[in-house]
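Trainee: My questions all concern the structure below.
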Amino acid sequence: MAHLLLRHRDIPDIGKMDVYEKNGGFEAFKKAVTKMKPQEVTDSVKASWLRGRGGAGFSTGLKWGFIPKDIWPHYVVANADESEPGTFKDREIMESNPFQFLEGVAIAAYATGANAAYIYLRGEFWPVAAILDEKIADMEKAGFLGDKLFGTDFSLRIYTHLGAGAYICGEETALLESIEGKRGQPRIRPPFPAVYGLYGKPTVVNNVETLTNVPLIVEKGSDWYKSLGTADSPGVKIFSLSGRVNQPGNYELPFGTTFRELIYNYGGGIIDGRPIKAIMAAGASSAMIVADDKALDTPMDYASVRALGADLGSASVIVIDDTVSLEWVISKTIHFFKHESCGKCTPCREGTYWMLHLIERIENGEKTKETVELLHSVARQMLNKNLCPLGDFSTMAVTTAIERFPADFEASAAGGEHG
């Protein structure tokens, strides 16, 4: 099957304006602006059941439909922060198939009545920002951005904005605060960005991969899109595969592909043929999935993965084999989330501190049953008490590792070492 999002793998130089246009580029945008009303575009995306690819999996068309019609101006913001450890899909899209992403931004702006769109990139992505700035300039020269596009009254400008490399700015309200020049900390919700977003105005925030799907839906229709993937999760997904596999990388596959297919058919299996121990389906913020036959044969879609007691999230699949200690893994995740906590709310600020303190005690020799139980207790007490999802994310690997892989922590309590 030809790639739909990673089209550069099939079409060399699709990142050049003339090549993109020769392969149908901007036809969907032109069709939307000249032949469809904004509500028709929104309805088409809603009917496709395109779900957000940033992690939450919320209906994109439904999200667009929340924008009020009596408050102006409107904004579109593309979330290109991509700071989840294990996720590297959006960067490949922006570097190698940028025009399809930018066309998706433009269509989203038309559908929601926005005349300005911002692409928020994590600070380390400054080379990607330079690429996008060049492509935006190309679009302006070609008449795809600017005033009165295609002879209509619709005008649009797209801007890039670099953050400072903070994980918390992947959360949409902290992202908006950052664009406004404030400290990147989440807002209390409600009100939600659709009503009170950038500069206090209605704003749609969508992930890069989400927006890259939009031109395909406008061009080919919602029924075509729903023919791919599963009923719960239509379309294709880019799975970022890493960990103890022979061939890590991005793999664009239909939703419903199993973990076994991804890891063995595409990822080349496990290094040295070792047994799989655990799978983290959503990067560092993921619950630990016991990698038994049931899990390996589970289709990768939002509902099926949830039935395993985990979330698919952004589909950054980290594979752990039997050579890796889960004590070591959760130490890495705790250190990361403690460092990235913005400190605004007490449960996350204090909870990540105490989880870090306890895992360091375990690593430094105080490997008792009581210490492990206290770490588990602290993590459980943090759940559902935080201002934004980061606090909950920081506990996912901790609680599920201790609950689902007790042998790792019993060995710790007995004084065993892991590598």
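The values are calculated or read from the model by the stated rules, or taken from the named source; none is laboratory data. Being a predicted model, the structure only gives us computed values, none of them experimental. All Cβ positions, glycine included, derive from the backbone under ideal geometry; neighbour counts span all protein chains shown.
Trainee: Taking the conditions exactly as written (buried (at least 21 other Cβ atoms within 10 Å of the Cβ) and aliphatic (A, V, I, L, M)), does ALA307 satisfy them or not? Please lay out each step first, then the result.
Mentor: On the way: buried (at least 21 other Cβ atoms within 10 Å of the Cβ): no; aliphatic (A, V, I, L, M): yes.
Considered against the rule, which asks whether it is buried (at least 21 other Cβ atoms within 10 Å of the Cβ) and aliphatic (A, V, I, L, M), ALA307 comes out as no.
Trainee: Looking only at the range 20-79, filter to residues that are of a type in the set (Lys, Arg) and part of a helix (DSSP H, G or I); which one of those is nearest to the chain's Cα centre (by Cα)?
Mentor: Residues of the range 20-79 that are of a type in the set (Lys, Arg), as a first pass: 22, 30-31, 35, 37, 46, 51, 53, 63, 69.
Then keep just the ones that are part of a helix (DSSP H, G or I); that gives 22, 30-31, 35, 46, 63.
On the way: LYS22: 30, LYS30: 28, LYS31: 28, LYS35: 32, LYS46: 19, LYS63: 16 Å.
If we take residues in the range 20-79 being of a type in the set (Lys, Arg) and part of a helix (DSSP H, G or I), then LYS63 is nearest to the chain's Cα centre (by Cα).
Trainee: Hey, another quick one. When you scan the range 303-419 for helices (runs of 4 or more DSSP H) that lie fully inside it, which ones turn up with 3 or more residues that are at pLDDT 95 or above and closer than 25 Å to PRO186 by Cβ? Explain how you work it out, then say what you get.
Mentor: On the way: elements: 326-340, 346-363, 369-382, 389-404, 406-413.
Of the helices (runs of 4 or more DSSP H) lying wholly inside the range 303-419, those with at least 3 residues that are at pLDDT 95 or above and closer than 25 Å to PRO186 by Cβ span 326-340, 346-363, 369-382, 389-404.
Trainee: Which residue pairs have Cβ atoms under 8 Å apart, sit 6 or more places apart or on different chains, and have a first residue in the range 83-106 that is not assigned by TED's automatic domain parsing to the domain that holds THR160 and a second that is assigned to a loop (DSSP other than H, G, I, E, B) and among the aliphatic types (A, V, I, L, M)?
Mentor: Partner pairs satisfying both residue conditions: none exist.
Trainee: Shifting gears a bit: Go through the residues of the range 359-372 one by one and say whether even a single one is outside the structural domain of ARG187 (by TED's automatic domain parsing), free of Cβ contacts under 8 Å to residues at least 60 places away in the same chain, surrounded by 22 or more Cβ atoms within 10 Å (Cβ to Cβ) and under 21 Å from GLU84 (Cα atoms).
Mentor: no
Trainee: I would also like to ask the following. State whether one or more residues within the range 184-193 are aromatic (Phe, Trp, Tyr), over 24 Å from ALA284 (Cα atoms) and either in contact with a Ser or Thr (Cβ under 6 Å, 6 or more places away or on another chain) or in a loop (DSSP other than H, G, I, E, B) (or both).
Mentor: Checked against the condition, which is being aromatic (Phe, Trp, Tyr), over 24 Å from ALA284 (Cα atoms) and either in contact with a Ser or Thr (Cβ under 6 Å, 6 or more places away or on another chain) or in a loop (DSSP other than H, G, I, E, B) (or both), the range 184-193 yields at least one hit.
Trainee: Return yes or no: is LYS22 more than 24 Å from LEU121 (Cβ to Cβ) and of a type in the set (Lys, Arg)? Reasoning before the result, please.
Mentor: Working: more than 24 Å from LEU121 (Cβ to Cβ): yes; of a type in the set (Lys, Arg): yes.
In short, yes.
Trainee: For the range 199-215, how many residues meet the condition of being in a helix (DSSP H, G or I) and either under 18 Å from the mean Cα position of the chain (by Cα) or crowded, with 24+ Cβ neighbours inside 10 Å (or both)? Even if it seems obvious, please write down each step before you answer.
Mentor: Taking the range 199-215 and keeping what is in a helix (DSSP H, G or I), we get 199-200, 208-215.
Filter again for either under 18 Å from the mean Cα position of the chain (by Cα) or crowded, with 24+ Cβ neighbours inside 10 Å (or both), leaving 208-215.
Counting residues in the range 199-215 that are in a helix (DSSP H, G or I) and either under 18 Å from the mean Cα position of the chain (by Cα) or crowded, with 24+ Cβ neighbours inside 10 Å (or both) gives 8.
Trainee: Any residue at all in the range 234-245 that is surrounded by fewer than 21 Cβ atoms within 10 Å (Cβ to Cβ), in contact (Cβ under 8 Å) with a residue 60 or more places away in the chain and over 18 Å from THR87 (Cα atoms)? Break it down stepwise before answering.
Mentor: Just the residues of the range 234-245 that are surrounded by fewer than 21 Cβ atoms within 10 Å (Cβ to Cβ), to begin with: 242.
Then keep just the ones that are in contact (Cβ under 8 Å) with a residue 60 or more places away in the chain; that gives 242.
Keeping just the survivors that are over 18 Å from THR87 (Cα atoms) gives none.
No: zero hits.
Trainee: Which of the residues spanning the range 246-271 are under 15 Å from LEU296 (Cα atoms) and either surrounded by fewer than 18 Cβ atoms within 10 Å (Cβ to Cβ) or of a type in the set (Phe, Trp, Tyr) (or both)?
Mentor: Within the range 246-271, the first condition is being under 15 Å from LEU296 (Cα atoms), and the residues that meet it are 255-270.
Of everything in the range 246-271, those that are under 15 Å from LEU296 (Cα atoms) and either surrounded by fewer than 18 Cβ atoms within 10 Å (Cβ to Cβ) or of a type in the set (Phe, Trp, Tyr) (or both) turn out to be PHE255, THR258, PHE259, ARG260, GLU261, TYR264, ASN265, TYR266, GLY268, GLY269.
Trainee: Sort out which residues of the range 219-233 are under 16 Å from GLU252 (Cβ atoms) and outside any helix (DSSP H, G or I), and write them in order of number. Can you show your working first?
Mentor: Narrowing the range 219-233 to residues under 16 Å from GLU252 (Cβ atoms): 225, 228-230, 233.
Listed by number, the residues that qualify are LEU228, GLY229, THR230, SER233.
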